[in-house]
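What follows is a short report on a single structure.
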């Protein structure tokens, strides 16, 4: 699958408390690459597990977000490990 890292993306982040019915945090990004970078590099590990990214009608869970970040096609510079 060819993934468009330049497409606008929305990131929905589970709140820390409140259970499954708690509202989600929301951020909009100009590109999927920026949303992926934010999710992987800036969210605490426990919070990314409940996150998902939406691009149009496509939805990507935390595992898929991480795999897009790890892909050799990812266009942004990665944080040092």
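The values are calculated or read from the model by the stated rules, or taken from the named source; none is laboratory data. Just so it is clear, the model here is predicted, and its values are computed rather than measured. Note that we place each Cβ from the backbone using ideal geometry, even for glycine, and neighbour counts take in every protein chain shown.
Of all residues in segment 2-22, exactly one satisfies the criterion of being over 16 Å from residue 64 (Cβ atoms), touching a strand residue (DSSP E or B) at 6+ places or on another chain (Cβ under 8 Å) and modelled with pLDDT of 90 or more, namely 8.
Applying the condition of being in a loop (DSSP other than H, G, I, E, B) and either under 8 Å from the mean Cα position of the chain (by Cα) or crowded, with 16+ Cβ neighbours inside 10 Å (or both) to segment 32-72 and asking which residue is modelled with the lowest pLDDT yields 50.
Considering the conditions (1) over 11 Å from residue 5 (Cα atoms); (2) modelled with pLDDT of 95 or more; (3) more than 8 Å from the chain's Cα centre (by Cα), residue 25 is excluded by exactly one of them, (2).
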